[in-house]
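The values are calculated or read from the model by the stated rules, or taken from the named source; none is laboratory data. The model shown is predicted, which means the values in this text are computed figures rather than measured ones. Accessible surface is based on the protein model in full, side chains and every heavy atom, while ligands, DNA and RNA are left aside. Shrake-Rupley method; radii C 1.70, N 1.55, O 1.52, S 1.80 Å.
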Amino acid sequence: MRMREADDLFFDVVSQIHMPAWSSGRVALAGDAAHATSFLSGQGSSVSLVGAYVLAGELAARADHTEAFTAYERITRDFVEINQALATTGGTFVIPTTQEMLDARNAALRDAASLTGDEGRAAHTGLVVPDYRHLG
């Protein structure tokens, strides 16, 4: 009832980007354009930075851009997909739908140690990024 009377009501869409390939020809996508994880995953910035780092490193390491694009996707795709999956399992944690879920979320946020479950650990540490320092 109050929603209809509110002068500051806001709705938005939570979405992800799932593409079969992140490059075509001489164009490669990175970050949200290639693989938005959604804010429900809590990993958008991290995944985007890793992807941009690997893309830049592979472009620096290879003379052929198509080989670099292929390597970029081969190296990062599994990591991206693991992090995208966090959004589908963590949505009710980020946006609780009951008072009990809200209380549980707030208690978990106060106890950071409880946020390092196996699923989160795999997503956060699921990729050892290549070392491109020798290229610079």
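Structure data summary
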{"read-out": "By accessible area with a 1.4 Å probe, ligands and nucleic acids excluded, highest first: order of Thr97, Thr37", "value": "Thr97, Thr37"}
{"read-out": "Extension gain (nm, one decimal) between Met101 and Ala56, 0.36 nm per residue minus Cα-Cα", "value": "12.1 nm"}
{"read-out": "Solvent exposure ordering (accessible area, 1.4 Å, most first) of Glu100, Glu73, Glu58, Glu81", "value": "Glu100, Glu81, Glu73, Glu58"}
